[in-house]
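Read through the structure below, which is laid out as structure tokens, and then see the notes.
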Amino acid sequence: MSGATTSIGFWVYILESRKDGNRYIGFTTNLKQRLLQHYKGEVFSTKSRLPMRFIYAEVCTNEEDARRREQYLKTTRGRRFLAKRLILYYKSKL
């Protein structure tokens with residue numbers, strides 16, 4: 001494999017605001033670039049809630065699967081899944 005960088009998939013990611021504790025759930029094809037946009041305040045949805053902390057990500061090989069996963073994580077059942085999945089993260093905040 002050459003040294004060229006390529007996108008490895010479609011990312012669903014979660015940020016948590018250190019300001020208000022609320023989460024942001026998003027989708028991207030370039031996770032590194034998107035996180036930098038959030039951290040620099042270039043994303044309307046999060047710029048008033050800075051600073052943000054990256055807490056979770058999943059990668060899918062199919063865009064439709066990733067978008068469906070993003071929508072699921074925004075539901076009540078999805079938030080319950082995240083609470084269980086990130087139990088050690090939330091315990092460490094106590």
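Read-outs: derived from the displayed coordinates by stated rules, not from any lab. Because the structure is a prediction, the values reported are computed rather than measured. Here Cβ is always computed from backbone atoms with ideal geometry, including for glycine, and neighbour counts include all displayed protein chains.
List of remarks:
- Segment 6-29, subset in contact with a Pro (Cβ under 9 Å, 6 or more places away or on another chain) and within 19 Å of residue 86 (Cα to Cα), residue surrounded by the most Cβ atoms within 10 Å (Cβ to Cβ): 17
- Against the list (1) surrounded by fewer than 16 Cβ atoms within 10 Å (Cβ to Cβ); (2) touching a helix residue (DSSP H, G or I) at 6+ places or on another chain (Cβ under 9 Å); (3) not in a loop (DSSP other than H, G, I, E, B), the condition residue 88 fails is (2).
- The residue pairs whose first member lies in segment 12-25 and is within 13 Å of residue 73 (Cα to Cα), whose second member is surrounded by fewer than 18 Cβ atoms within 10 Å (Cβ to Cβ) and among the hydroxyl-bearing types (Ser, Thr, Tyr), and whose beta carbons are closer than 8 Å, counting only pairs six or more residues apart or on different chains, are 13/56; 14/24; 14/56; 15/24; 23/17; 24/17; 24/45.
- Scanning segment 47-66 for residues that are within 16 Å of residue 12 (Cβ to Cβ) and either within 12 Å of the chain's Cα centre (by Cα) or not in a helix (DSSP H, G or I) (or both) returns 52, 54, 55, 56, 57, 58, 59, 60, 61, 62, 66.
- Residue 32 vs. criteria out of contact with any Asp or Glu (no Cβ under 6 Å at 6 or more places or on another chain), assigned to a loop (DSSP other than H, G, I, E, B), surrounded by fewer than 13 Cβ atoms within 10 Å (Cβ to Cβ) and on the phi < 0 side of the Ramachandran plot: no
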